[in-house]
Amino acid sequence: MPLINKKKLGKDTAVQGTNDSSVVSKVSAAAQGYFLDVYLQHFVCKVSRRAPLINRGYYVRWRAVDHCVRRFLEKTLDCPKRQILSLGAGFDSLYFRLHSCEILTSAVVFEVDFPDVARRKSALINSNETLREMLDSVEQCLAEPLYFSSSQYRLLGVDVRELAQMEKALDLAGFVWTAPTLILSEVVLTYMETKWSDSVIKWAADYLPQSLILIYEQIHPFDPFGQIMQEHFRKLNSALYALQKYPDIEAQRIRFLDNGWEQCVCLDMNSFYFGLVPEVERLKIENLEPFDEYEEWHQKCSHYFILTASRGSLAAHEILFLPVSPLTITSPSYSPISLLVRTIPVSTEGLGMGSACLCPNVVLLTGGSSKGGREAQMGLLLKNKDNWNFMKVAPSGDLGVRLYHTVSAIPGKSAIVLGGRASPLNPVKTICKITIDPCCALDLEGQDNVEIGVQQVVCEGGSSVPRWRHTTTLISHKGKDFLFLFGGKNETQEVLGESNFMDLSQNRWTEVPVEGAAPEARFSHSACSYKGGVVIFGGLGRRGVPLGDTTLLKPTNSGFCWQRLDIKPPPVARYSHTAHVIGDKLLVVGGVWLCLHVPGVAVINLNTHSSIEYRLDAASVPWPLMLHSFCSELTSSKEILLIGGGGNCFSFGTHLNPQPVVVDLRPIACLDS
């Protein structure tokens, strides 16, 4: 193994910095009750509260590692000697937590990290009475590389890439090479060039005949979330090297088998969370804090994996296994045709906006959140010939701050704005009517002021529960127009599923008979007007699992009836998408699913009950195109205009699509048949 080039020292320092950030986030999650670890707080200067998304992300990391470590200790309980070797341990509190649980019988924990990190951790332990009391027969500040030694805990300062030096250090620390050993690496090997990390993996297989290696790292570098993730670590001077050569679960699994390991199981964190975390625990975790970043949560989990590989006697023990999961992940049935995407040179960034096409070539945009924060803004996208322009407008009334609301175009060239939220604890209760006067007759180009009226609507006949992430759809019943409100969620974290009908002629909530089994309660689904009724697709259900069902609300003589369609092949379950109907075909655009690839456009034939997926060719888009928390308008049978979208990409930064894009539908044959 060659010596480390001194030019890498700057990168090594940057990698060491990721330890400090990680432990602060772990402390935050523990402080909010996501997991129990009273020792982490002793490794930070002060407890800082992270966002709920960060807390969830570090919870699932902690939970996956804890699951595997405990199973290893259970399976080796009868062994006279057993070991945990933590590579790049940083300020992890693993030893102290396990020791306090009294499950380290006959076990020794060896931690290895850069000498500077080991020196800092050694000094911190020595100066902290709580931590010091967890160690017996302590020998501290010995000659390098052994910085701390007790009967069950040894702290070594060695560069993991220097395998010969690490072997000598482990020998000095009393490491038993033939004992059952768990090698733990939490986001460590990926910071090394693959020639180094592959050598470590092979070294462990060659030198530890009875061993289990446990890895937690990133995957899927090439989709939009993965691009943002990679750019974040590049800016920190801590590039993720393994991603390029081992970009997915299967590549990682083959990597370990090719480097001497006998058995290997690899799960992304969605599979782990839904398959190996009990539902009771999931419900507890999901109710600890107000939360409304589902898209980013699922994407974070799809971009990290937990892996165990084993040799010798440990290969017979099931430490990590493929779970029986509530997730039903259907492989997409792709068309060979891809749909071209092009950008529109107009600035309209924002997530959670609402939109409505009030008349040809005039799209109303309301609310949402940009990098400047939540906004009560309103604007118009205007098309003149082949060009789109954006115009901010000053409405006559206050629409309020709203995210994840609905804007429904209604007869009379108006729109109804309903629901939404300012925060996950503050739903918007008002309903507003927006009008542009005049609308179609206006030549809006070049005008500085457009008169937009905002009028609060008071609905009689009771009221629906305030909500967001719902749908409102224009339907007809007995010659009258209604707004059909379905689904959504509210500030109590409840997922809603009742049917509500708003009589637009009287501004009144009213009862309309509905027969048949209603679809599962959901939010972030889509609903489109279809033949006087509604077609509903997808969404997130009460278990937090994406749905892939297609359901019609069909008109009858007395009211409506529900009819679930059996689509073959079944579309992939997803949510946070948009949808449009052309003829008898439902076009489902974007969203979040739990498959490997990013959703494009699914076309569901409502007559033949068939479906096909079309990939999007976004090569001409110069930035990562994130198609969730966005809105869209069908401007013709030839194109769909996609506006806004993006989100907070875990701890990697916020990405918002800066411009609208157009999806070219012309390759899809016979859409209007």
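The values are calculated or read from the model by the stated rules, or taken from the named source; none is laboratory data. This structure is a prediction, so every number in the text was calculated from the model and none was measured. In this analysis, Cβ positions are derived from the backbone assuming ideal geometry, glycine residues included, and neighbour counts consider all displayed protein chains. Just the protein is used for accessible areas: all its heavy atoms, side chains included, with ligands, DNA and RNA removed. Shrake-Rupley method; radii C 1.70, N 1.55, O 1.52, S 1.80 Å.
For the range 621-638, putting each phi into the Karplus relation 6.51 cos²θ - 1.76 cosθ + 1.60 with θ = phi - 60° gives couplings of 7, x, 9, x, 9, 9, 9, 9, 6, 10, 10, 8, 9, 7, 7, 6, 6, 9 Hz, in residue order, rounded to whole numbers and with x for Gly and Pro.
For the chain, what % of the accessible area comes from carbon and sulfur atoms, probe 1.4 Å?
That fraction is 50 percent.
A crude spin-label estimate for the pair C359 and E193, with each label 7 Å from Cα along the Cβ direction, gives 6.5 nm.
When peptides 470-483, 379-392 are sorted by average Cβ neighbour count within 10 Å, with the highest value leading, the order is 470-483, 379-392. Were the residues from S476 through D258 laid out at 0.36 nm apart, the gain over their Cα-Cα distance would be 72.2 nm. Surface exposure of the range 465-624, expressed per residue as accessible area with a 1.4 Å probe, stands at 36 Å². One decimal place: the segment E494-L172 gains 110.2 nm when fully extended, by the rule 0.36 nm per residue minus the C-alpha distance. Rounded to the nearest 500, the helix-only mean residue ellipticity at 222 nm of the chain stands at -6500 deg cm²/dmol, with each DSSP H run of n ≥ 4 adding -39,500 (n - 2.57). Listed by chain and number, the aspartates and glutamates whose C-alpha is less than 12 Å from the C-alpha of K480, apart from same-chain residues fewer than 8 away, are D503. Compared with the direct C-alpha span, the chain from D566 to L124 gains 153.0 nm at full extension, assuming 0.36 nm per residue.
Highest average first, the peptides 85-96, 168-179 ordered by how many other beta carbon atoms sit within 10 Å of their residues are 85-96, 168-179. Dipole magnitude for the chain: about 260 debye, using +1 per Lys or Arg Cβ and -1 per Asp or Glu Cβ, origin at the Cα centre.
Quick one: angle between helix 9-31 and the longest Cα principal axis of the chain, in degrees between 0 and 90, rounded to 10, please. Long axis of 9-31 versus the principal axis of the chain: about 70 degrees. Taking label positions 7 Å along the Cα-Cβ direction at both S423 and R342, the computed distance is 4.4 nm, reported to one decimal. In this label model, Y334 and R282 are separated by 2.8 nm, measuring between points 7 Å along each Cα→Cβ vector.
In this structure the range 200-303 gives 35 Å² per residue of accessible area when probed at 1.4 Å with all protein chains present.
Hey, what angle do you get for helix 224-235 against the long axis of the chain, alpha-carbon based, 0 to 90 degrees rounded to 10? That helix lies at roughly 50 degrees to the long axis.
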